[in-house]
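Asks: Please read through the structure below; I'll follow up with questions.
The values are calculated or read from the model by the stated rules, or taken from the named source; none is laboratory data. What you see is a predicted model, and the numbers here were worked out from it, not measured in a lab. Heads up, the Cβs are rebuilt from the backbone with ideal geometry, glycines too, and the neighbour counts pull from every protein chain shown. SASA here: full protein model, heavy atoms, side chains in, ligands and nucleic acids out. Shrake-Rupley method; radii C 1.70, N 1.55, O 1.52, S 1.80 Å.
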Amino acid sequence: MITNITVVGGTHGNETSGIQLVRNWQRFGVPAAYQALNIDCYLSNQAAIDANVRFLEEDLNRQFTPALLNKQPQSQEARLAHALNQHWGPKGSSEIDLMIDIHNTTSAMGATLIILEADEFHTQLARYVKQQMPEANILVEDEKPYAEHGYLCTLGQRGIMIEVGAQPQGVLRADVYELTHKMALAILDFVLLYNSNSVPALPPCDVFRFIENITFPLDEQGERLAMIHPALQDSDFKPLTQGDPVFTTFSGQVEQWQGDTIYPHFINEAAYHKLHVAFATATKAQL
Ligand SMILES: [Zn+2]
């Protein structure tokens, strides 16, 4: 049974669609159809929300690894992570059955459901969401064990993320909000079916499985030498094959993709600026 659900917005303080959905549900109530569920709506990084920034000192959504939770916190977000771990956790023995953390991205990823495990529950959830929202993308980040992730949602016994784009930081777009809302309702609908053992037989669905992050070409001083090629920009989850343009350098050259066909996502995500991450890669699979 999935009884206790926590819906979180504002883990990144300038990702407005999740913040607004949580505020609306706090103010007007969660839709009556979900009365049977104990749903808590929560804004996780209020200081970052007030400042309309992703974070004040460190990315809150990377602070929840077992190693960091066992270390003396050094930043505001690390201290917040420790407090949330006390409040909701401790990680691994939380009473929250499902944590849904809502994000948005400047990349054109559409409505993306990020799952961190490919077990029976998450497989059925992915298939159901895909059936209800054929336009949705399912991103599987199971390259490491669930508990090893630093994501806030891993405080729950199960944790998933809604990631919708493209939406500029600090801006609320109605189309992105609508997709976010639709995916949140699809997830809650699934939980009701799951709890009453009435999940219908669902066909396998296409998913994207994370491989690695690709960084921009840099010189010895760490200055960027290129930008995303126009052909790759906004082509999230479309196949990128050997020879396809990836970067256009500031000296006017085109750098091509070398290697197997992959599915890029988080292309030119603004928040990955400091890390120089140009995009992430994935394989396409069935779940
Ligand atoms: Zn985010």
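Asks: Checking Ile187 against (1) touching a Lys or Arg at 6+ places or on another chain (Cβ under 7 Å); (2) surrounded by 16 or more Cβ atoms within 10 Å (Cβ to Cβ); (3) of a type outside the set (Phe, Trp, Tyr), which test does it fail?
Replies: All conditions pass for Ile187, except number (1).
Asks: Something else: Out of the residues in segment 65-97 that are within 16 Å of the ligand (Cβ to nearest atom) and without any contact (Cβ under 8 Å) to a residue 60 or more places away in the chain, which is farthest from Gly170 (Cα to Cα)?
Replies: Filtering first and then ranking leaves Leu80.
Asks: List pairs: first in segment 156-175 and at positive phi, second of a type in the set (S, T, N, Q) and surrounded by fewer than 23 Cβ atoms within 10 Å (Cβ to Cβ), Cβ under 9 Å, 6+ apart or cross-chain?
Replies: Taking only residues 6 or more apart or on different chains, the pairs are Gly170/Asn14; Gly170/Asn52.
Asks: For Ile5, all conditions in the list (1) farther than 15 Å from Met99 by Cβ; (2) open to solvent by less than 50 Å² (accessible area, probe 1.4 Å) hold save one; what is the number of the exception?
Replies: Checking Ile5 against (1) farther than 15 Å from Met99 by Cβ; (2) open to solvent by less than 50 Å² (accessible area, probe 1.4 Å), the one that fails is (1).
Asks: Quick check: anything in segment 79-87 at pLDDT 95 or above and over 24 Å from Arg158 (Cβ atoms)?
Replies: Yes: segment 79-87 contains one or more residues that are at pLDDT 95 or above and over 24 Å from Arg158 (Cβ atoms).
Asks: Could I ask something else about it? If I ask for residues that are in contact (Cβ under 8 Å) with a residue 12 or more places away in the chain, part of a loop (DSSP other than H, G, I, E, B) and surrounded by fewer than 22 Cβ atoms within 10 Å (Cβ to Cβ), which ones from segment 137-151 would you list?
Replies: Selection gives Glu141, Asp142, Glu143, His149, Gly150.
Asks: Mind listing whichever residues of segment 93-120 are under 19 Å from Glu143 (Cα atoms) and in contact with a helix residue (DSSP H, G or I) (Cβ under 7 Å, 6 or more places away or on another chain)?
Replies: Leu113, Ile115, Leu116, Glu117
Asks: Something else: Can you tell me which residue within segment 127-166, out of those that are more than 14 Å from the ligand (Cβ to nearest atom) and of a type in the set (A, V, I, L, M), is farthest from Asn85 (Cα to Cα)?
Replies: Once the filter is applied, the top-ranked residue is Met133.
Asks: Still on this structure, please answer the following. Within segment 9-29, restricting attention to residues that are among the charged types (D, E, K, R) and more than 9 Å from the ligand (Cβ to nearest atom), which residue is surrounded by the most Cβ atoms within 10 Å (Cβ to Cβ)?
Replies: Arg23
Asks: Right, here's the next one. Give the number of residues within segment 243-266 that are surrounded by 13 or more Cβ atoms within 10 Å (Cβ to Cβ) and of a type in the set (Asp, Glu).
Replies: So the count comes out to 2.
Asks: I'd like to know if segment 229-242 contains one or more residues that are farther than 16 Å from Thr261 by Cβ, in contact with an Asp or Glu (Cβ under 9 Å, 6 or more places away or on another chain) and buried (at least 18 other Cβ atoms within 10 Å of the Cβ).
Replies: Checking segment 229-242: at least one residue is farther than 16 Å from Thr261 by Cβ, in contact with an Asp or Glu (Cβ under 9 Å, 6 or more places away or on another chain) and buried (at least 18 other Cβ atoms within 10 Å of the Cβ).
Asks: Now, a different point. If we keep just the residues of segment 167-180 that are open to solvent by less than 40 Å² (accessible area, probe 1.4 Å) and part of a loop (DSSP other than H, G, I, E, B), which is farthest from the ligand (Cβ to nearest atom)?
Replies: Selected residue: Gly170.
Asks: Still on this structure, I have one more. Test Arg62 against the stated conditions and say whether it is surrounded by fewer than 22 Cβ atoms within 10 Å (Cβ to Cβ), of a type in the set (Lys, Arg) and away from the ligand (no atom under 14 Å from the Cβ).
Replies: For Arg62, the condition - surrounded by fewer than 22 Cβ atoms within 10 Å (Cβ to Cβ), of a type in the set (Lys, Arg) and away from the ligand (no atom under 14 Å from the Cβ) - is not met.
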